[in-house]
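Down below is the structure, laid out as structure tokens.
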Amino acid sequence: MEQGTATVLENRLAAPGVYRLRIEAPALAGAAGPGQFLMLRIGQTLDPLLRRPFSIHAVHGSRTVDILYRVVGKGTNILTTLRSGEGLDIVGPLGCGFSWREESPSLLVAGGMGIAPLFFLAQIIAKNGVGDKTSALIGARNKTELLCVEELKAMGLQVQVTTEDGSAGKRGLVTGLLTNRVAALRPVIYSCGPYPMLHAVASLAMQYGLSCQVSLESFMACGLGACLGCVAEMKNGDLVRVCKEGPVFDAYEVAWK
Amino acid sequence: MKKTNPDLSVRIGLLRLQNPVLTASGTFGYGQEYAGLVDLNRLGGIIVKGLSLNPRPGNMPPRTVETPCGLLNAIGLQNVGVENFIADKLPFLRKLSVPVIVNILGQDIKEYRKLAERLSNVEGIAALEVNISCPNVKKGGVVFGTDYKAAARVTRAVRAAVRLPIIIKLSPNVTDIVSIARAVEEAGADAVSLINTLTGMAIDVEARRPKLHNVTGGLSGPAIKPVALRMVWQVAGAVNIPVIGCGGIMTAADALEFLLAGASAVQVGTANFVNPRATMEIISGIEEYLARHDLKDIKSLVGSLIL
Ligand SMILES: Cc1cc2nc3c(=O)[nH]c(=O)nc-3n(C[C@H](O)[C@H](O)[C@H](O)COP(=O)(O)OP(=O)(O)OC[C@H]3O[C@@H](n4cnc5c(N)ncnc54)[C@H](O)[C@@H]3O)c2cc1C
Ligand SMILES: Cc1cc2nc3c(=O)[nH]c(=O)nc-3n(C[C@H](O)[C@H](O)[C@H](O)COP(=O)(O)O)c2cc1C
Ligand code: FES
């Protein structure tokens, strides 16, 4: 983990309301694992005050890192104004990411922006030569919001798609595709997306007795484990830090509500 | 002509700090969280997360919300408890060469006393900071900080239990902070630190719900700096013990404002989240300011505000 200035290489619209930010950050590229995140200082003023957490979306070579972000508010709006050549203060890599197990087939389940960290995991899997033994289920509200599908296919993954309005792939939620897959494959599941989706994925995994890792979200003030603001409740009653003990948790440990 | 480096060291009663920059309780964990980002041995001192006698789980999330130039938190003093602190956290801190100040919080006077007694002969603790000002817990904390008689009682109980320097951390959520500062001075405090967070609130208008699970929280960050500065100035003019300033300090210029207003040292809180290197930059900035103004030490700066 370190604090440093990255150089913006590119900041481009990837889908409506979603940007891909490419930065040159050798220290980060060298140290990052899938599911880890970084804290970005946005702007130079005191408002917004806090850094914003973003997953490490992809690593290219030894120097370049991508972040995929959706514009939702004050900070992400400012982020869209960044131009190539500008400096960006980052702290990372942070948190405990996915622990990928090569010996079992993998199933990646992404909802909406949940593809952000899972894409990096797919990169690692493909690099290990087992992309074709790996499936990805990707859900979005509609066709235009589907992200990374072609890239994942190009990496050799078997990709299936759902949209809520039926404009691409199967109509419905991503979890609708899940039952068949888990019964046939008995994979290890890696998932990121909205809380209700993660809850559904976790329930199904537990029903079939499958290993399942989920990436949780929380408001983060420090991202370093110091403020104790980002906690999530575990089944044993503990409130643990999403930024430090997570953001990726064993689905069996989370107190789903 | 050879110029000597300015002397940044300060004294808080019997406590000697190599520079006036401390980390504020609750914003720096137990030090280790920042080890990779900050040269911990360059700090004036580390004030650790508030400890209670027994571990506390804290409040349910959401516990933090950002507000313009500020942060609202309702952590609820989640901490590992005094025994786990001594066993698991202190060994790392002992290896550092800077003073470690332990922030304590009790539900009643007996608990403050017990905590102080337990910590009194533990190696590696330089001072106690007594939190009588946390707004996020039902019992204890702020109850003692808003009544000058209760504040004095807590101070006397801790004073009687330890020989360590004791710093009483005051709450800004009062009408007359000066009377409380005077009461704890009289009761034997070696120093006062101020301010803790200001009670605040934020509402999600779409959901028509409070943004914090706890409904209200403590406001920190640049938004509270003018209030903190005013209180430090008032208190420094009214007591004879050192005042430690805290509230919204982000830069060396902010820290210098507090020193000019009469603070002998400062604490950096929320800034650690925004810029983990904030304390390092503030120390360098103060040093640079002293050199630029031909001041040989911090003493010549403290309280030198021209009215
Ligand atoms: C570990 C982690 C990884 C993340 N990775 C990504 C990513 O790869 N891509 C991406 O687009 N987003 C990601 N997020 C969410 C991202 O941090 C928020 O969308 C962003 O901070 C919003 O900033 P803002 O200033 O635009 O929003 P604000 O103006 O602060 O708030 C607007 C709305 O955004 C939501 N929001 C604000 N902060 C957070 C937060 N910390 N977590 C969740 N929702 C929030 C709230 O619902 C709020 O109402 C991640 C969050 C976490 C905790
Ligand atoms: C997340 C958080 C946790 C805190 N926990 C404590 C605590 O345990 N004990 C305490 O005395 N003050 C605590 N504080 C208050 C700070 O030490 C400090 O007084 C306050 O944040 C104002 O300073 P700042 O504006 O520089 O942050 C906490 C503040 C924050 C933001
Ligand atoms: S964000 Fe501060 S502890 Fe997790």
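The values are calculated or read from the model by the stated rules, or taken from the named source; none is laboratory data. Note that the structure is a prediction, hence the values are computed from the model and not measured. Heads up, the Cβs are rebuilt from the backbone with ideal geometry, glycines too, and the neighbour counts pull from every protein chain shown.
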Taking segment B:220-269, which residues are surrounded by fewer than 23 Cβ atoms within 10 Å (Cβ to Cβ) and within 16 Å of ligand 1 (Cβ to nearest atom)?
-> B:Ala223
Candidate set from segment A:214-234 (those that are surrounded by fewer than 24 Cβ atoms within 10 Å (Cβ to Cβ) and not small (Gly, Ala, Ser)); member that is nearest to ligand 3 (Cβ to nearest atom) | A:Phe219
Kindly check whether there is at least one residue in segment A:227-245 that is away from every other protein chain (no Cβ under 14 Å) and touching a residue at least 40 places away in the same chain (Cβ under 8 Å).
-> no
Could you list all residues from segment A:176-207 that are within 18 Å of A:Leu118 (Cβ to Cβ) and touching a Pro at 6+ places or on another chain (Cβ under 8 Å)?
-> A:Arg181, A:Leu185, A:Pro187, A:Val188, A:Cys192
Within segment A:193-203, can one find any residue that is among the β-branched types (Val, Ile, Thr), touching a residue at least 60 places away in the same chain (Cβ under 8 Å) and either farther than 30 Å from B:Lys49 by Cβ or more than 16 Å from ligand 2 (Cβ to nearest atom) (or both)?
-> yes
Matching residues in segment B:230-247 - criterion: being touching a residue at least 40 places away in the same chain (Cβ under 8 Å) and within 15 Å of the chain's Cα centre (by Cα) = B:Met231, B:Pro242, B:Val243, B:Ile244, B:Gly245, B:Cys246, B:Gly247
Take B:Ile167 and decide whether it is away from ligand 1 (no atom under 16 Å from the Cβ) and within 14 Å of chain A (Cβ to nearest Cβ).
-> no
Within segment A:97-143, residues being within 19 Å of A:Ala184 (Cβ to Cβ) and touching a residue at least 60 places away in the same chain (Cβ under 8 Å) number 7
Enumerate the pairs (first residue in segment B:206-229 and within 16 Å of B:Leu71 (Cβ to Cβ) and modelled with pLDDT of 95 or more; second residue anywhere and surrounded by fewer than 15 Cβ atoms within 10 Å (Cβ to Cβ) and of a type outside the set (Val, Ile, Thr)) with beta-carbon separation below 6 Å, excluding pairs fewer than 6 apart on the same chain, so at least 6 apart or on different chains.
-> B:Lys211/B:Asp204; B:His213/B:Met60
Look through B:Ile224, B:Ile282, B:Ile249, B:Ile244 and report the one residue that is of a type in the set (A, V, I, L, M, F, W, C) and in a strand (DSSP E or B).
-> B:Ile244
Enumerate the pairs (first residue in segment A:144-159 and over 18 Å from A:Tyr19 (Cβ atoms); second residue anywhere and buried (at least 22 other Cβ atoms within 10 Å of the Cβ) and among the aromatic types (Phe, Trp, Tyr)) with beta-carbon separation below 9 Å, excluding pairs fewer than 6 apart on the same chain, so at least 6 apart or on different chains.
-> A:Leu152/A:Phe119
Name the strands (runs of 3 or more DSSP E) wholly within segment B:54-130 that hold at least 1 residues that are among the small types (Gly, Ala, Ser) and on the phi > 0 side of the Ramachandran plot?
-> none
Pick out the one residue from A:Tyr195, A:Tyr252, A:Tyr190 that is out of contact with any Ser or Thr (no Cβ under 9 Å at 6 or more places or on another chain) and hydroxyl-bearing (Ser, Thr, Tyr).
-> A:Tyr195
Quick one: which strands (runs of 3 or more DSSP E) sit completely within segment A:151-257 and have at least 2 residues that are within 16 Å of ligand 1 (Cβ to nearest atom)?
-> A:188-192, A:212-215, A:231-233, A:239-241, A:248-250
Can you name every residue in segment A:56-96 that is away from every other protein chain (no Cβ under 14 Å) and within 15 Å of ligand 3 (Cβ to nearest atom)?
-> A:Cys96
Please work out which residue is surrounded by the fewest Cβ atoms within 10 Å (Cβ to Cβ), limiting yourself to segment B:3-55 and to residues that are closer than 20 Å to B:Gly221 by Cβ and among the aromatic types (Phe, Trp, Tyr).
-> B:Tyr34
How many residues does segment A:22-50 hold that are surrounded by 24 or more Cβ atoms within 10 Å (Cβ to Cβ), under 13 Å from A:Ile90 (Cβ atoms) and either more than 13 Å from the chain's Cα centre (by Cα) or within 12 Å of chain B (Cβ to nearest Cβ) (or both)?
-> 5
Cβ pairs under 7 Å, 6+ apart, first in segment B:76-105 and surrounded by fewer than 20 Cβ atoms within 10 Å (Cβ to Cβ), second acidic (Asp, Glu) and assigned to a helix (DSSP H, G or I) = B:Val80/B:Asp88
